[in-house]
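The values are calculated or read from the model by the stated rules, or taken from the named source; none is laboratory data. Remember, it's a predicted structure, so these values are computed and weren't measured experimentally. For the accessible areas, the whole protein counts, side chains as well, though only heavy atoms, and no ligand, DNA or RNA atoms are used. Shrake-Rupley method; radii C 1.70, N 1.55, O 1.52, S 1.80 Å.
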Amino acid sequence: MTATIPDKANASPTKDFFVSMLTRDISLPDAILDLVDNSLDGVLRVFGEDADYKKRWAKIEFDQEHFSITDNCGGLARKIAIEYAFKMGRDSGDDRDGDVETIGMYGIGMKRAMFKMGQDCRVVTHFGKKDHYQVRMDRKWLESRLWNKLPLEPVLGQERLGEAGTKVMVRDLRPGIVQTFAEPSFRKELMDGLSEHFAKFIERGFRITVNGMAITPARIEVLYDPAASGIKPYYVTCKVGATEVRVAMGLNPRAQIADDRDEAGSTRAIPGWSVFCNDRAVLVGDTTRLTGWGERPVPRYHDQFDILTGIVEFRAKDARDLPVTTTKRDLDASAEAWLVAKGYMRDATRKLVTHTNAWKNERKAHRALFPATAGVQMEQIRAAFEGGGDSELLRKRPGSDHFAFNPERLLPKPETSEPGNRKITFSRPKKEVERLAEELLDDQDASPSEVGAECFDYAYRELVGR
């Protein structure tokens, strides 16, 4: 008896579906940031973690007819191009970045960015001394039902790059992209994103330009005094699985809101929580429930807290261990590393909020205490607490390998008996105080003195004015 051969169902994806769905859930600025991420991955891959970033650059150019990004970050090795770089997704055996701290994990960034913008895409690269080649993904290839392999073609004449690096070019732009490129607000949005997302690399000397305009880094820093009794930030260091986690929060009276920046980025400091994964900023100046604001015991953010800056750092060799989504500009809020960090973030915020509450009626005097205290970034904080003079301040948390420093005893306290001040004392039922605390401070466990002070400030603002 002859065996029956079963019918087989076609389960392969259509190219049109793949491209349309791949590009739908990422914004245009984030897609372009993905291409800069690829340039920086090239630096790490070719030159190692001790690379001299002052010698590296990426130049972004666009108009209503084309987009390009050119870098001198080492180029794309032919073997990587043949086996990995142009595949739609990453194989489980793809470990080409296993020894460097990149942020890419799915193998879709470059393709998604190109397809987002247009239908005539070309990648030209110069790797090593003599290896010049290019790969084209044009409309004909995109519209074909077949997933044909892409030839590595020679690059001739003036199209060759002058030094080892890569140039990504997109033409035949999609109509919506043409319109977006024409809007002045888009350039500002892109430049702000570059300023924030790559702030640490720009600080190290990496140069990014957009249509010839240089990007300056966003400054995310807190006050730090190396003296034994000097002001220092809250600090925690721990490891969650294969991911290193660090949380710092401190004062910065020079901080300003993230939206208050000029077109080329900013060197101003930024309040709120900023989150970095392998040195790329995933969030900058966040003041929402995502980072704990408005979740008990932390109140909702308001301008009293614009002196507070928090920094969270995640580091991992395998990007899949980082709490970041495919866009690289949002967090995986269910990741264990993020949940551990967020617990410490709430603890830090509550302690620093209590400090600002003590000074809420003397904000100007509070800020005047720190004119000579330097603002520092996470690198300096980490060095001071994990190998420098402040390492003895860290205390091991019971039952874990987590180490923390609580700065409360070093924070300045206001004088309570200044001439001209008046003390107000009264009592009200406990349930009423708790309900008012919940309404005013989002915290029914706030102390009666905090509730009373907030009531006075609220009444003063409403009845008398600022």
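Tabulated data for the structure shown
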{"quantity": "Ratio of Rg to Rh over the stretch 309-374 (Cα coordinates, Kirkwood Rh, two decimals)", "calculated": "1.15"}
{"quantity": "Compactness index (Cα Rg / 2.2 N^0.38 Å), the stretch 162-317", "calculated": "1.22"}
{"quantity": "Whole-Hz ³J(HN,Hα) from phi, Karplus 6.51 cos²θ - 1.76 cosθ + 1.60, for the stretch 192-203, glycine and proline x", "calculated": "4, x, 5, 4, 7, 5, 10, 3, 5, 6, 5, 4"}
{"quantity": "Value of D in µm² per second that Stokes-Einstein yields for the stretch 116-230, Kirkwood Rh from Cα pairs, at 4 °C (1.567 mPa s)", "calculated": "72"}
{"quantity": "Carbon and sulfur %, accessible surface of the chain computed with the full protein complex present, 1.4 Å", "calculated": "51"}
{"quantity": "Pairs of Cα atoms farther than 41 Å apart, the chain, %", "calculated": "29"}
{"quantity": "Subset of Lys351/Lys396; Lys111/Lys200; Lys54/Lys130; Lys239/Lys360 violating a 30 Å alpha-carbon distance limit", "calculated": "Lys239/Lys360"}
{"quantity": "Sequence-separation-based contact order of the chain, relative, with Cα cut under 8 Å and 6+ spacing, percent", "calculated": "14"}
{"quantity": "Surface accessible to a 1.4 Å probe, per residue, for the residues of the chain, Å²", "calculated": "51"}
{"quantity": "Degrees, to the nearest 10: 15-24 long Cα axis against longest axis of the chain", "calculated": "20"}
{"quantity": "Relative contact order of the stretch 291-423, pairs being alpha-carbon contacts under 8 Å that are 6 or more residues apart, as %", "calculated": "20"}
{"quantity": "Helix-derived mean residue ellipticity, 222 nm - over the chain, DSSP H n ≥ 4, -39500 (n - 2.57), to 500", "calculated": "-9000 deg cm²/dmol"}
